[in-house]
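To start, the structure under review is shown below, and the notes come after it.
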Amino acid sequence: MKHILAVIVLAAVSFLAPVLPASAQTDEGVEVKTGPKIDPESLADLLESLEFLSKSQKFTFTADVQYDALQGNGQKLEFGGAHKVTVVRPNKLYSEVVSRDGSKKVFLFDGKDIYYVDLDQNVYASVPRPGDINQAVDYFTEDLDMPLPIGQLVSSDAADFVKKEIYAGGFVEQSTIGGILSEHLAFRTQNLDFQVWVASEDDPLQTRLVIDYKDYPASPQYRADFRDWNFKPEVNDSLFVFKPADGMQKIEFAPLLRSAIKTEEKEEGKKNDVQ
């Protein structure tokens with residue numbers, strides 16, 4: 001029997017938060033009542049942060065991540081870990097997650113193949129995918145249906161994505177994250193809501209990110225606090241070379257192919273037309 005790589009499905013938790021001033025509340029979330037649904041200045045701040053990263057050819061950072069897993073009985077439990085990321089454009093990406101329980105998982109893209117390694121289970125999966133980081137992230141998250149929330153942050157086309165998808169949002173407040181004064185911004189898309197904190201001074205680096213996945217049961221949430229940004233890292237090429245350890249077992253991804261989805265949608269459309 002073929003083994004299928006298993007991942008924890010993200011689920012969300014609700015937080016007790018201060019009530020925003022009436023002037024900052026509308027049916028669409030955080031925005032000025034008399035202004036546009038998307039505050040231009042807030043969107044500009046978000047795009048500036050994404051474009052800054054898209055133009056950076058080599059960088060590393062660490063994200064302290066928390067996410068919730070929805071249990072079969074309906075209870076939500078929080079899990080988390082340290083997420084270390086190395087980006088070398090155009091076609092190399094290394095992501096290492098050390099969970100709170102000590103388990104370790106690695107995502108690696110070397111420009112030709114994608115690897116996903118579970119060192120705790122001593123297994124790995126790989127699939128050929130020549131191209132750049134954007135193409136690798138899209139294939140991993142869409143075709144393989146695997147979670148990689150950090151993917152949009154490192155993709156060089158992230159700014160284009162948010163410009164197309166955001167329909168509401170704006171400024172919340174100034175707050176301090178990890179000792180850095182930041183602009184707290186909140187936005188909405190069809191499938192998810194997200195909040196992002198962008199440094200108010202110097203480079204427009206993101207200091208925190210919160211994503212609510214509205215299409216998942218219980219509205220899943222993912223949270224990440226960013227630190228240790230380095231735009232002149234010393235990166236050894238060996239970081240992007242994967243060699244399975246002795247006894248490590250190769251297993252398979254369970255791809256969710258776009259072509260199959262499109263075919264299914266067309267067939268469903270035909271059925272609706274007939275009805």
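The values are calculated or read from the model by the stated rules, or taken from the named source; none is laboratory data. As the structure is a computational prediction, the values presented were derived from the model and not from experiment. In this analysis, Cβ positions are derived from the backbone assuming ideal geometry, glycine residues included, and neighbour counts consider all displayed protein chains.
Values computed for the structure shown
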| read-out | value |
| --- | --- |
| Top-ranked residue in segment 34-65 [being among the polar types (S, T, N, Q) and more than 19 Å from the chain's Cα centre (by Cα); ranked as surrounded by the fewest Cβ atoms within 10 Å (Cβ to Cβ)] | T34 |
| Verdict on D145 being of a type in the set (D, E, K, R), under 15 Å from the mean Cα position of the chain (by Cα) and surrounded by fewer than 16 Cβ atoms within 10 Å (Cβ to Cβ) | yes |
| Among the candidates D203, D228, residue that is in contact (Cβ under 8 Å) with a residue 60 or more places away in the chain and not in a loop (DSSP other than H, G, I, E, B) | D228 |
| Qualifying residue in segment 92-100 (condition: surrounded by fewer than 18 Cβ atoms within 10 Å (Cβ to Cβ) and among the charged types (D, E, K, R)) | yes |
| Residue list for segment 200-236, restricted to those being out of contact with any helix residue (DSSP H, G or I) (no Cβ under 8 Å at 6 or more places or on another chain), surrounded by 15 or more Cβ atoms within 10 Å (Cβ to Cβ), modelled with pLDDT of 95 or more and closer than 21 Å to E173 by Cα | S200, T207, R208, V210, R223, A224, D225, F226, R227 |
| Qualifying positions in segment 171-192 - in contact (Cβ under 8 Å) with a residue 24 or more places away in the chain and at positive phi | G178 |
| Condition broken by N191, with the remaining ones in (1) within 27 Å of D215 (Cα to Cα); (2) at pLDDT 95 or above; (3) surrounded by fewer than 16 Cβ atoms within 10 Å (Cβ to Cβ); (4) of a type in the set (S, T, N, Q) satisfied | (2) |
| Subset tally (residues that are free of Cβ contacts under 8 Å to residues at least 60 places away in the same chain and closer than 24 Å to T60 by Cα) for segment 210-225 | 1 |
| Selection count, segment 50-87, where residues are without any contact (Cβ under 8 Å) to a residue 60 or more places away in the chain, outside any strand (DSSP E or B) and either of a type in the set (A, V, I, L, M, F, W, C) or touching a strand residue (DSSP E or B) at 6+ places or on another chain (Cβ under 7 Å) (or both) | 1 |
| Residues that are in contact with a Phe, Trp or Tyr (Cβ under 6 Å, 6 or more places away or on another chain), modelled with pLDDT of 95 or more and either under 20 Å from I177 (Cα atoms) or not aromatic (F, W, Y) (or both), drawn from segment 40-92 | S42, S56, F61, A63, V85, T86, V87, K92 |
| Answer from L108, L47 - the residue that is outside any loop (DSSP other than H, G, I, E, B) and under 21 Å from F194 (Cβ atoms) | L47 |
| Scan of segment 118-128 for residues that are surrounded by 18 or more Cβ atoms within 10 Å (Cβ to Cβ) and either at positive phi or touching an Asp or Glu at 6+ places or on another chain (Cβ under 9 Å) (or both), ordered by number | Y124, A125 |
